[in-house]
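Student: Input: one structure, supplied below.
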Number of protein chains: 2
Amino acid sequence: MRDERPPRRSDGAQTHAAILAAAMRLASIEGLGSLTVGRLARELGVSKSGVFAHFRSKQRIQQETIEAAGEVFEREVLRPGLTRAEGIARLHGLCEAYLSYIERGVFPGGCFFAQLLAEYDAQPGPVHDQVCADQRSWLSLLEGEVRTAQQHGELDPDADPAQLAFELSAPVELANYLSVLYQDPRFVERGRTAVRAVIANAASRRRR
Amino acid sequence: MRDERPPRRSDGAQTHAAILAAAMRLASIEGLGSLTVGRLARELGVSKSGVFAHFRSKQRIQQETIEAAGEVFEREVLRPGLTRAEGIARLHGLCEAYLSYIERGVFPGGCFFAQLLAEYDAQPGPVHDQVCADQRSWLSLLEGEVRTAQQHGELDPDADPAQLAFELSAPVELANYLSVLYQDPRFVERGRTAVRAVIANAASRRRR
DNA sequence: TTTAATTTTGCACGGTCGTGCTATCTTGTC
DNA sequence: GACAAGATAGCACGACCGTGCAAAATTAAA
């Protein structure tokens, strides 16, 4: 699958990384679709060709930007969120990791993938398909953890795991949009409160 | 405030409306920012000047498109949602009206204002400010209805109304994004279930 | 039917877009 | 230090962008 020969020279690799960093920043604010070769070049004080030569099409810039953002998400959300013990603790851990990643402003325009979801939910193409896959894997992660928590007797065994995953995703995503819109971290706190409420509610209905 | 002289001729008014209809459709799918005079002209089989002359700048196209979408939202969500009696019933009514508006595909790209929220949450300017105001008025509407329900003894009087408004908005917004992304109305149903859960939970803690 | 006002078109402008091609650096290897 | 290869710059292209302006087509009132 991987058909790319890696850039050989160190300065090249450095520029390549700098371009992707700027691309992630810009895309989180203005959207992946309004990424522009000229804009990136200006942002980095470099010629348009200096940017373009590293990728050989705009498509590739977009693809690699998404991949790079995926690595950031893995490092900043998934890895820390998965450290706690499986079950309820890990559900809290994952949601908290996401909310903290919003709160810390890892991307200046809020969660890169939330931006992508809203931008490409109705636009068919490769980006749409990638968003589908990413979103499914996030929901599945939560869903699996709900199932585990049920098996451990921590949550109502009659609850629908997919429904619970949805109800946990909803407040953290809205916290993302609103905290960015109003530049107000209190919406992250609302997200935390909502997550606690959802989990506590499902926990209170378990068989004891 | 209104400085515009209305178009005098009937064909002009009709074209004006047709342009706004196409603009709402397109913007809900691809975003307000990627609206383009040429694109609209092509979509309507009309010359670029024929579109441009009706507004006298791109800014005005965007402004009027937002206003037109506001009227649609009022007609399709607020008016039907506000018919039920105030309190819990109206909270259900508003959320259901929103979910139904998603389900019916009033805009082909999902809720126009959810799209706008995600697109402009991090981009300062007049659109950002408009989104702030619209979002606040939606949340305030729900919050006021929660307060009324509390006064009627239908909801836990110790609950934070703003928090509850947030917890109701979250699932309906996520239902919007996911049902569009996967073209699957089951996510609207997930939204309905979540709304019922939030209200039922707050109702079960009321003093009886 | 003439006439005046209002749509609508055609055309031009400077600017940016994505993308090639060629030439000039710059770096790492012998 | 020479040299091959990679990195960056410069320039050109056709396409589309937003916006003006004058000409043509259409409508409504006289």
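The values are calculated or read from the model by the stated rules, or taken from the named source; none is laboratory data. Everything numeric in this text was worked out from a predicted model, so none of it was measured. Virtual Cβ from ideal backbone geometry, glycine too; neighbours counted across all protein chains shown. Ligands, DNA and RNA are excluded from the accessible area calculation, which covers all protein heavy atoms including side chains. Shrake-Rupley method; radii C 1.70, N 1.55, O 1.52, S 1.80 Å.
Student: Name every residue in segment B:142-156 that is assigned to a helix (DSSP H, G or I) and either open to solvent by 50 Å² or more (accessible area, probe 1.4 Å) or closer than 20 Å to residue A:26 by Cβ (or both), in order of residue number.
Tutor: Looking only at segment B:142-156, we keep the residues that are assigned to a helix (DSSP H, G or I), and these are B:142-151.
Of everything in segment B:142-156, those that are assigned to a helix (DSSP H, G or I) and either open to solvent by 50 Å² or more (accessible area, probe 1.4 Å) or closer than 20 Å to residue A:26 by Cβ (or both) turn out to be B:147, B:151.
Student: Next question. Only one residue in A:93, A:105 is within 14 Å of another protein chain (Cβ to nearest Cβ), more than 16 Å from DNA strand C (Cβ to nearest atom) and open to solvent by less than 70 Å² (accessible area, probe 1.4 Å). Which one? Break it down into steps so the answer makes sense when it comes.
Tutor: On the way: A:93 fails: within 14 Å of another protein chain (Cβ to nearest Cβ).
Selected residue: A:105, the only one of A:93, A:105 that is within 14 Å of another protein chain (Cβ to nearest Cβ), more than 16 Å from DNA strand C (Cβ to nearest atom) and open to solvent by less than 70 Å² (accessible area, probe 1.4 Å).
Student: All but one of (1) more than 17 Å from residue A:171 (Cα to Cα); (2) open to solvent by 50 Å² or more (accessible area, probe 1.4 Å); (3) of a type outside the set (Asp, Glu); (4) within 11 Å of another protein chain (Cβ to nearest Cβ) hold for residue B:190; state the number of the condition that does not hold.
Tutor: (1)
Student: For the subset of segment B:38-63 comprising residues that are more than 9 Å from DNA strand C (Cβ to nearest atom) and surrounded by 18 or more Cβ atoms within 10 Å (Cβ to Cβ), which member is nearest to residue B:138 (Cα to Cα)? Break it down into steps so the answer makes sense when it comes.
Tutor: We begin by selecting, within segment B:38-63, every residue more than 9 Å from DNA strand C (Cβ to nearest atom); these are B:38-40, B:42-43, B:55-63.
If we keep only those that are surrounded by 18 or more Cβ atoms within 10 Å (Cβ to Cβ) as well, we get B:40, B:55, B:61-62.
Values: B:40: 30, B:55: 29, B:61: 24, B:62: 21 Å.
Among those that are more than 9 Å from DNA strand C (Cβ to nearest atom) and surrounded by 18 or more Cβ atoms within 10 Å (Cβ to Cβ), it is B:62.
Student: Ok, one more. Filter segment B:121-141 down to the residues that are aliphatic (A, V, I, L, M) and within 14 Å of chain A (Cβ to nearest Cβ), then identify the one that is surrounded by the most Cβ atoms within 10 Å (Cβ to Cβ). Steps first, please.
Tutor: As a first pass, look at segment B:121-141 and keep what is aliphatic (A, V, I, L, M): B:122, B:127, B:131, B:133, B:139, B:141.
Cutting the leftovers down to within 14 Å of chain A (Cβ to nearest Cβ) gives us B:122, B:127, B:131, B:133, B:139.
Numbers: B:122: 20, B:127: 18, B:131: 22, B:133: 10, B:139: 17.
Restricting to residues being aliphatic (A, V, I, L, M) and within 14 Å of chain A (Cβ to nearest Cβ), the top hit is B:131.
Student: Before we move on, is residue B:36 out of contact with any Phe, Trp or Tyr (no Cβ under 9 Å at 6 or more places or on another chain), within 12 Å of DNA strand D (Cβ to nearest atom) and of a type in the set (Val, Ile, Thr)? Write out each step before concluding.
Tutor: Values: out of contact with any Phe, Trp or Tyr (no Cβ under 9 Å at 6 or more places or on another chain): yes; within 12 Å of DNA strand D (Cβ to nearest atom): yes; of a type in the set (Val, Ile, Thr): yes.
Considered against the rule, which asks whether it is out of contact with any Phe, Trp or Tyr (no Cβ under 9 Å at 6 or more places or on another chain), within 12 Å of DNA strand D (Cβ to nearest atom) and of a type in the set (Val, Ile, Thr), residue B:36 comes out as yes.
Student: Yes or no: segment B:99-106 includes at least one residue that is among the hydrophobic types (A, V, I, L, M, F, W, C), under 29 Å from residue A:124 (Cβ atoms) and not in a helix (DSSP H, G or I). Even if it seems obvious, please write down each step before you answer.
Tutor: Initial filter on segment B:99-106 (among the hydrophobic types (A, V, I, L, M, F, W, C)): B:99, B:102, B:106.
Restricting the remaining residues to those that are under 29 Å from residue A:124 (Cβ atoms) gives B:99, B:102, B:106.
Next, from what is left, pick out any that are not in a helix (DSSP H, G or I): B:106.
Yes.
Student: Can you go through B:159, B:203, B:118 and tell me which one is closer than 20 Å to residue A:121 by Cβ and open to solvent by less than 50 Å² (accessible area, probe 1.4 Å)? Before the answer, list the steps.
Tutor: Numbers: B:159 fails: closer than 20 Å to residue A:121 by Cβ; B:203 fails: closer than 20 Å to residue A:121 by Cβ.
Of B:159, B:203, B:118, the one residue that is closer than 20 Å to residue A:121 by Cβ and open to solvent by less than 50 Å² (accessible area, probe 1.4 Å) is B:118.
Student: Tally up the residues in segment B:151-190 that are touching a Pro at 6+ places or on another chain (Cβ under 7 Å) and touching a residue at least 40 places away in the same chain (Cβ under 8 Å), please.
Tutor: Qualifying residue count, segment B:151-190: 1.
Student: Any residue that is at pLDDT 95 or above, part of a loop (DSSP other than H, G, I, E, B), within 13 Å of DNA strand D (Cβ to nearest atom) and within 25 Å of residue A:183 (Cα to Cα) - is there at least one of those in segment B:109-127?
Tutor: Quick first cut of segment B:109-127, residues at pLDDT 95 or above only: B:109-127.
Retained after the next criterion (residues that are part of a loop (DSSP other than H, G, I, E, B)): B:109-111, B:121-125.
Add one more test, that the residue is within 13 Å of DNA strand D (Cβ to nearest atom), and what stays is none.
No.
Student: Name the pairs whose Cβ atoms lie under 8 Å apart, with the first residue in segment B:47-62 and within 14 Å of chain A (Cβ to nearest Cβ), the second of a type outside the set (Phe, Trp, Tyr) and within 14 Å of DNA strand C (Cβ to nearest atom), and 6 or more positions between them or separate chains?
Tutor: So the pair list comes out empty.
Student: Select the helices (runs of 4 or more DSSP H) contained entirely in segment B:1-98, then report the ones holding at least 1 residues which are within 15 Å of the chain's Cα centre (by Cα).
Tutor: Details: elements: B:10-30, B:37-44, B:48-52, B:58-73.
In segment B:1-98, B:10-30, B:58-73 are the helices (runs of 4 or more DSSP H) which contain 1 or more residues that are within 15 Å of the chain's Cα centre (by Cα).
Student: Also, I was wondering about something else. What do you reckon, is residue B:26 near DNA strand D (Cβ under 9 Å from one of its atoms), within 14 Å of another protein chain (Cβ to nearest Cβ), closer than 21 Å to residue A:120 by Cβ and open to solvent by less than 50 Å² (accessible area, probe 1.4 Å)? Lay out the reasoning, then the answer.
Tutor: Numbers: near DNA strand D (Cβ under 9 Å from one of its atoms): no; within 14 Å of another protein chain (Cβ to nearest Cβ): yes; closer than 21 Å to residue A:120 by Cβ: yes; open to solvent by less than 50 Å² (accessible area, probe 1.4 Å): yes.
The answer is no for residue B:26.
Student: Among (1) within 14 Å of chain A (Cβ to nearest Cβ); (2) away from DNA strand D (no atom under 12 Å from the Cβ), there is one condition residue B:66 misses while meeting the rest; what is its number?
Tutor: Of everything listed in (1) within 14 Å of chain A (Cβ to nearest Cβ); (2) away from DNA strand D (no atom under 12 Å from the Cβ), residue B:66 misses just condition (1).
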